[in-house]
Amino acid sequence: ERGIRLFDTAPLYGHGLSEERLGAALASRPRDGLTVATKVGRLLVADGPEGRPGPTLFADIPAVHPVFDFSADGVERSLEASLARLGLDRVDVVHVHDPDDHADAALAGAFPALRRLQAEGVIGSVGVGMNQTSLPARFVREGVVDCVLLAGRYTLLDRSGAEELLPLCAAAGVSVIAAGVFNSGVLADPRPGATFEYAAAPPAVLARARALRSVCERHGVSLKAAALQFPIRHPAVTTVLVGARSAAEVRENVDLFDQALPDALWDELLATAASTPEGHRARQ
């Protein structure tokens, strides 16, 4: 109803529940015109008799846990399970998910397997989804991806993606999906206790986010609207990906994304220093 056509999920999210719920939501809707993206690199395996081996970010989830597997067999098994949870026979995009410590395994196993599945028509595009810039740049240079899902590295706070990765993608014709545009929340509302990188934002990060908010306020614009729209101004970025907790948040995000913002705002925001902020925890 509001023009959203890309839906992104992964086995990791809710340990399978995200894919199941997305599949249920899409089951009664025409498939044409919708882009469904999921990820590989983590297999969901049953918890043992001693329970889940380690903490999780999710509540009320099935008795399974993710295990890294970037082999060809692991990718094929992961995608088969994802398709079953989604209730689909193909997906439009599959990203190799967080291969930070597994680049060689992904290059030897995951990416070739995805290209084979692409040739068979099971998937559309091959991508990588990460919250760092150096490995995606390597994958673009090696020609193994059609798109990059870049989380949190091209935002008002952290523009590190623009240093190498985004120009490389633009030159290679690799589309960029910008995610994590609020840097885990601090750019949505830089209040005390706001999160950055899924933890409490350090004082220096809060101060910088508030400085950005002050710039926005001088132009009669919300920081959240500027954070949503900033990435799409780069020619390499084709999509901005955000999460929402409710239908109201979806409507708010679309309204803010569609809001006309003055050019003078961008000039001032771009003049505001924004390198890699203190507290940044992703690998570069």
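Here, each number is a calculation from the coordinates, and none is a lab measurement. Note that this is a predicted model, so its numbers are computed, not measured. Counting neighbours? That spans all protein chains shown, and the Cβs are built from the backbone with ideal geometry, glycine included.
Report, as a whole number in µm² per second, the diffusion coefficient that Stokes-Einstein gives for the range 65-167 at 20 °C and 1.002 mPa s using the Kirkwood radius over alpha carbon pairs.
D, rounded to a whole number, is 151 µm²/s.
Could you tell me which chymotrypsin sites (Phe, Trp or Tyr not before Pro) in the range 26-129 are loop residues by DSSP with no more than 14 other beta carbons within 10 angstrom of their beta carbon?
Answer by residue number: F58.
Considering just Cα atoms, how many Å³ per residue does the convex hull of the range 131-276 enclose?
Spelled out: Cα convex hull of the range 131-276, divided by residues, is 112 Å³.
Stretched out fully, how many nm does the piece from R210 to R251 gain, at 0.36 nm a residue minus the Cα gap?
Between R210 and R251, full extension yields an extra 12.3 nm.
Roughly what % of DSSP beta bridges within the chain run antiparallel, to the nearest 5?
Restricted to the chain, the bridges split so that about 25 percent are antiparallel.
From the helices alone, meaning DSSP H stretches of at least four residues, give me the mean residue ellipticity at 222 nm for the chain, per-run term -39500 (n - 2.57), in deg cm²/dmol to the nearest 500.
-10000 deg cm²/dmol
Subtract the Cα-Cα distance of A199 and V64 from 0.36 nm times their separation in residues, and report this length gain in nm to one decimal.
Stretched fully, the A199-V64 segment lengthens by 46.1 nm.
If you wrap a convex hull around the alpha carbons of the chain, what volume per residue comes out, as a whole number of Å³?
Output value, Cα hull per residue: 140 Å³.
Among bridges DSSP assigns within the range 1-126, what percent are antiparallel (round to 5)?
Of all bridge pairs located within the range 1-126, approximately 40 percent are antiparallel.
Test of understanding: in a Gaussian network model of the chain with alpha carbons linked when under 10 Å, which of G127, G143, G180 would top the mean-square fluctuation ranking?
G143
Run the quick spin-label model on A260 and R191: label points 7 Å from Cα toward the beta carbon, then report their separation in nm to one decimal.
Spacing of the two 7 Å Cα→Cβ label points: 3.2 nm.
Among A170, A207, N131, whose Cα projects farthest towards the positive end of the dipole of the range 114-212, with charges put on the beta-carbon of Lys, Arg (+1) and Asp, Glu (-1)?
A207
Report Rg/Rh for the range 121-171, rounded to two decimals, where Rg is the Cα radius of gyration and Rh the Kirkwood radius.
0.99
What FRET efficiency do you get for T238 and D104 if R0 is 22 Å and r is their Cβ-Cβ distance, rounded to the nearest 0.05?
0.15
Among all stretches of the chain without exposed trypsin sites (Lys or Arg not before Pro) (DSSP loop, at most 13 other Cβ atoms within 10 Å), which one is longest?
32-244
Using the crude model of +1 on Lys and Arg Cβ and -1 on Asp and Glu Cβ, and no other charge, please compute the dipole size for the chain relative to its Cα centre, in debye to 20.
400 debye
Test of understanding: what is the full-extension gain from A271 to A27, defined as 0.36 nm times their sequence separation minus their Cα-Cα distance?
Here the segment from A271 to A27 would lengthen by 83.2 nm.
What is the helix-to-structure angle for 17-26, meaning the angle in degrees between its Cα long axis and the longest Cα principal axis of the chain, kept from 0 to 90 and rounded to the nearest 10?
Orientation of helix 17-26: about 90 degrees from the principal axis.
Short version: ³J(HN,Hα) in whole Hz for each residue of the range 67-84, in order, from phi by Karplus 6.51 cos²θ - 1.76 cosθ + 1.60 (θ = phi - 60°), x for Gly and Pro, what are they?
Per-residue couplings from phi come out as 10, 4, 7, 9, 6, 4, 5, x, 5, 5, 5, 4, 5, 4, 5, 5, 4, 5 Hz.
Can you compute the modelled spin-label distance between E163 and R138, with each label point 7 Å from Cα toward Cβ, in nm?
1.6 nm
Using alpha-carbon positions, what is the distance between the centroids of the range 206-228 and the range 57-84, in Å?
38 Å
Taking amide H atoms as placed 1.01 Å from N in the peptide plane, list the residues 5 or more away in sequence, or in a different chain, whose amide H sits under 5 Å from that of A194.
A201
Between P49, P66, P235, which gets the highest mean-square fluctuation from a Gaussian network model of the chain, Cα cutoff 10 Å?
Answer for the Gaussian network model of the chain: P49.
Measuring from centroid to centroid over Cα atoms, what is the spacing of the range 89-123 and the range 188-205 in Å?
34 Å
How big is the C-alpha Rg of the range 1-126 next to the rule-of-thumb value 2.2 N^0.38 Å, as a ratio?
Dividing the Cα Rg of the range 1-126 by 2.2 N^0.38 Å gives 1.07.
Which ³J(HN,Hα) values in Hz, rounded to whole numbers, follow from the phi angles of the range 237-243 under the Karplus curve 6.51 cos²θ - 1.76 cosθ + 1.60, where θ = phi - 60° and Gly and Pro get x?
8, 9, 8, 10, 10, 9, x
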